[in-house]
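First the structure, in the form of structure tokens, and then the observations on it.
Each reported figure results from applying straightforward, stated rules to the coordinates on display, with no laboratory input. Please read all numbers here as calculations on a predicted model, not as lab measurements. Glycine also receives a Cβ, built like all others from the backbone with ideal geometry; neighbour counts cover every protein chain displayed.
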There are 2 protein chains.
Amino acid sequence: MLKVKRLDFKTGGPDVVVLDDSTAWKLGVRPKDRVKILWKDKEITAIVNIAERFPRNIVGLFRDIWERYDIKDWEEVDIEVLEKPLAADYIRKKLDGKRLKRKEIEEIVRAINEDELSDMDISAFVVSQYIRGMSLDEIAYLVEAMVDVGQRLELSHYPILDKHSLGGIPGNKVTMIIVPLITSLGYVMPKTSSRAITSASGTADAMEVLANVSFSLDEIKEIVNKVGGCIVWGGSLNLAPVDDKLINVEKVLNIDPVSQMIASIMAKKLSVGATHLVLDFPIGPEAKVRNRLEATRLKRMFLGIARRLKMEVSVVYTSGYQPIGNGVGPLLSAKDALMVLEGSGPEDLRNKALKLAENLLKLLNIKADLKEMLEKGEALRKMKEIIEAQGGDPRIISEDLQPYEHEFTYTSPKNGRVVYISNHALNELARVAGAPFDEGAGIYLHKKVGEKVRKEEPLFTIYARNDAKLKRAVKQVVLRKPVVVK
Amino acid sequence: MLKVKRLDFKTGGPDVVVLDDSTAWKLGVRPKDRVKILWKDKEITAIVNIAERFPRNIVGLFRDIWERYDIKDWEEVDIEVLEKPLAADYIRKKLDGKRLKRKEIEEIVRAINEDELSDMDISAFVVSQYIRGMSLDEIAYLVEAMVDVGQRLELSHYPILDKHSLGGIPGNKVTMIIVPLITSLGYVMPKTSSRAITSASGTADAMEVLANVSFSLDEIKEIVNKVGGCIVWGGSLNLAPVDDKLINVEKVLNIDPVSQMIASIMAKKLSVGATHLVLDFPIGPEAKVRNRLEATRLKRMFLGIARRLKMEVSVVYTSGYQPIGNGVGPLLSAKDALMVLEGSGPEDLRNKALKLAENLLKLLNIKADLKEMLEKGEALRKMKEIIEAQGGDPRIISEDLQPYEHEFTYTSPKNGRVVYISNHALNELARVAGAPFDEGAGIYLHKKVGEKVRKEEPLFTIYARNDAKLKRAVKQVVLRKPVVVK
């Protein structure tokens, strides 16, 4: 016989009841199970909290419940365990190696979105994708379901252009050149970017050196309607929020199933209404895509899903052997990008940005002399408009951007040639130096792969906010050997 | 630049710091990450709580921390994300289909035991076992590691006997006959049993009708030293506690990897020091073991692991096509068992108990006329000793055990023979009727498979604590068809 005991505290969240350990066992109730409490002709649904040393055969009700229902102490009640949501069955089906139907994936996404599944269930879903893989249909269903439960950027323009880099390359700031270049031609490009997750600087971190990047969807709409494009942080927009929950689990487990990676990217693009997308695949031993074979497999998958989503996608293979440009870290990245827009700056960065922008326009059957546009300063003018629209100071020039003064320059131990630069090591170094949180922290590469270097000529400089961080980063260099001269 | 803000509440648990969403992103910190907070020459380790609408670039410290360290508001600090425990890498290794070494499994078990892994990680470990399987060596390592981090029942006797049924069959109360039978011969049998998890009554639930079943390890030791055996609930003993955590995850995911099932059973046995074990494999379409082929595979695994653990194990195949005895539910099960000990009771129950007990003795090369022991009332006398030692009333007789008075009897729709009884349906019915929580609730089978039945002769009776529950159970009968007559 179960009896009620009113507890004198509130959860503020979902309704919770407390049961003692052995009472719960007897009832077949597990922690976090959803149960129905039945008494007289009434019932409530609540989540179970299991406590040791709680009295037996007692259901503890939090204040939230008993204030609402006016249920008395020692009232006799029954408990029924509610069935798990259907989504749990579908996840098990996937674990068993079977394919999921559209309705089933929609149900999983709905249940994740409405917090009906535990972290354990979501973990099982991610792992099942990792081990069992997903078909193109399944991935496309997942994308559409994730977009459906989230917010969307509703623009009335056509076409809506977008770009995405698969990542793994430090200092990839091509977005800050491509967006102003494309929008200066009159096209619409509402670019949402991520912050650094494991790298030393995401595009949103670099852009934040020049302007705000956190906006609501309405504000973004206003900015895009005004200047044609934006470079903002996508993280707080509630675009495909289920994707964020899945990514959190992936980070904890440190796995990144290909299907979820593709779905994640495409969901963010679909959420902003992208119709034409250029995908940058940097290929290199320390990039996300290791080699041509992997690239071909991935490309086929992306194009297959794009077809299902009716999005025009162009895939461009680029070099992923070393950083793009010379700066790693938010400020140094922004400086590189601004320099290119100003007509100087690293050549590899300029060329890569031009190549991606050309491929994007090719999807629309448009030929434009982008190089000339860049040289004439059209992109720079547009960038200043964007900076201003995002609340930054449009008068900024690359000269204004100076890294922290705590610096240490590594020089070459011998005459020779730079034969290898480790992306991982550079990211790690820049992070230890304080990037991306300390925006002026990072690394500046004086030499890139293939360049000749003399003994004691500078190879790279580390910048940090204080000496403690600089020292920690300097220590790492010996361990990680970011630049190899032979 | 990060600054401290002291928050005016306590966690009581592990140290927690609060970060706002976008600050956390910038730092590369995820919810529940473990971080180091560094200031001046000091540091603390804490778990991260991520909050929306918390001020940016602020680290909120709970009272537990700032009282201990006397850190001031607005103190400048740095944050470092701590590496995940090695165990997370080993789980990923298993996800990738590789075999784990002893040290690696020990590390996973240690990390689970010390709460260093998240629910998501544990879920991934369970799923990896489910999909990838485990070698016999891996399972044996897992058993030993789980036993090592838990409590053990330390008895000085040899041999120590034990039995286990794989389950799935309602009304399996053979333990309550085997333990007194074996201990009446002078052997030691410290039996820990489970409660009903998904069934209508576990052995611990049935035994609880007659005596207490919740004891500490010291109390159990005392009982066993006094009367030679016990039948207690194993759930609160902290035997192989990691196993309980894994089972919780399995329940949530509704999967039961073979490797974990075997490890779980063997760990509980090893924890009580069992040297000789008889394993009951009920085989039937609705039992845990579906068919002979599966049984042979499982048997080979159990014997292989037993060899590694230096335990003598005998596997007995039994019928799993229908309940053992006539009663389903705690009281009706206890009544069946008591009747057998008293010399009456269901024949199938008596025969099964004798068969298992004989096989257990065979492991010791002992022949004893167990049937005679039972008939002479030796086992009943011992059972009364055990009941008394466990705080029950030894004068109890089966007649005293009467189910609830709210009852409904189903009769046969025609003349014929009982051709099928559904284990699942009976469990479900008995649970809806209130078992195992309402001890006098359950089902009594008047006819078993193979028996002739006339039209309108009783097939089974449902008992419940009140009419509402009885009605709900009666409704289920039509849906679930527990007994089929042809």
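Relative to the Cα centre, what is the charge dipole magnitude of chain B, using +1 at the beta carbon of each Lys and Arg, -1 at the beta carbon of each Asp and Glu, and rounding to the nearest 20 debye?
1940
Taking amide hydrogens as modeled 1.01 Å from N in the peptide plane, which residues meet the under 5 Å criterion relative to A:Lys163, leaving out close sequence neighbours?
Close amide H contacts, sequence-distant or interchain: A:Val278.
As a test of the formula, what do you get for chain B when each DSSP H run with n ≥ 4 contributes -39,500 (n - 2.57) and the sum is divided by the residue count, at 222 nm and rounded to the nearest 500 deg cm²/dmol?
Calculated at 222 nm, the ellipticity per residue is -13000 deg cm²/dmol.
Starting from the Cα of B:Asp89, step 7 Å along the direction of its Cβ; do the same at B:Lys103; then give the gap between the two resulting points in nm.
A separation of 1.1 nm, rounded to one decimal place.
Helix B:292-309: angle to the longest alpha-carbon principal axis of chain B, degrees 0 to 90, nearest 10?
Helix B:292-309 sits at roughly 60 degrees to that axis.
Only Lys, Arg, Asp and Glu count, each charged at its Cβ (+1, +1, -1, -1), so figure out the dipole size of the protein assembly as shown about its Cα centre, rounded to 20 debye.
Value, rounded to 20: 3360 debye.
B:Glu388 label points, 7 Å along Cα→Cβ, one per copy: pairwise distances from this copy to the rest in nm, shortest first?
9.9
Relative contact order (percent) for the range A:2-81, with alpha-carbon contacts under 8 angstrom and 6 or more residues of separation?
Relative CO of the range A:2-81 lands at 50 percent.
Which part of the range A:381-402 falls in the paramagnetic zone of A:Ser344, meaning amide N under 14 Å from the point 7 Å along Cα-to-beta-carbon?
Flagged as within label range: A:397-402.
How far, in degrees from 0 to 90, does helix B:241-253 lean away from the longest principal axis of the Cα atoms of chain B, to the nearest 10?
Tilt relative to chain B: about 80 degrees.
If you take every DSSP beta bridge whose two residues both sit in chain B, what share of them, in percent to the nearest 5, is antiparallel?
If we restrict to bridges inside chain B, about 50 percent are antiparallel.
What is the sum of charges around B:Gln260, taking Lys and Arg as +1, Asp and Glu as -1, for the other residues whose C-beta is under 10 Å from the C-beta of B:Gln260?
-3
Relative contact order of chain B: what whole-number percent is it, with Cα pairs under 8 angstrom and at least 6 residues apart?
14
Quick one: grab the alpha carbon gyration tensor of the range B:2-81, order the square roots of its eigenvalues as a ≥ b ≥ c, and give me rounded if a/c is under 1.5, else prolate or oblate depending on whether a/b is larger than b/c.
Because its axes are fairly even, with a/c under 1.5, the range B:2-81 counts as rounded.
Given +1 on the Cβ of Lys and Arg, -1 on the Cβ of Asp and Glu, and no further charges, what dipole in debye does the range A:222-316 carry about its Cα centre, rounded to the nearest 20?
Its charge dipole is roughly 360 debye.
Assume the label is 7 Å from Cα along Cα to beta carbon: what separations in nm does B:Glu372 have to the matching positions in the other copies?
Between copies, matching label points for B:Glu372 lie 11.3 nm apart.
Search the structure for amide H atoms under 5 Å from the amide H of A:Val315, placed 1.01 Å from N in the peptide plane, and list their residues when 5 or more places away or on another chain.
Excluding prolines and chain starts, which carry no amide H, the hits are A:Leu279.
Quick one: helix B:119-132 against the long Cα principal axis of chain B, what's the angle to the nearest 10°, folded into 0 to 90?
Approximately 50 degrees, to the nearest 10.
Can you give me the long-range amide H partners of B:Asn238? Hydrogens built in the peptide plane at 1.01 Å from N, cutoff under 5 Å, separation of 5 or more residues or another chain.
Here the answer is none, since no amide H 5 or more places off falls under 5 Å of that of B:Asn238.
First select every other residue whose beta carbon is under 10 angstrom from the beta carbon of B:Met311; then total the charges, Lys and Arg +1, Asp and Glu -1.
That sum, taken over residues with Cβ under 10 Å, equals +2.
For B:Arg297, which inter-copy label distances result when the label point lies 7 Å beyond Cα on the Cα-to-Cβ vector, reported in nm to one decimal and in ascending order?
Output for B:Arg297: 2.7 nm, nearest copy listed first.
Between their Cα atoms, which of B:Lys268/B:Lys371; A:Lys288/B:Lys94; A:Lys355/A:Lys376 are more than 20 Å away from each other?
With Cα atoms farther than 20 Å apart: B:Lys268/B:Lys371; A:Lys288/B:Lys94.
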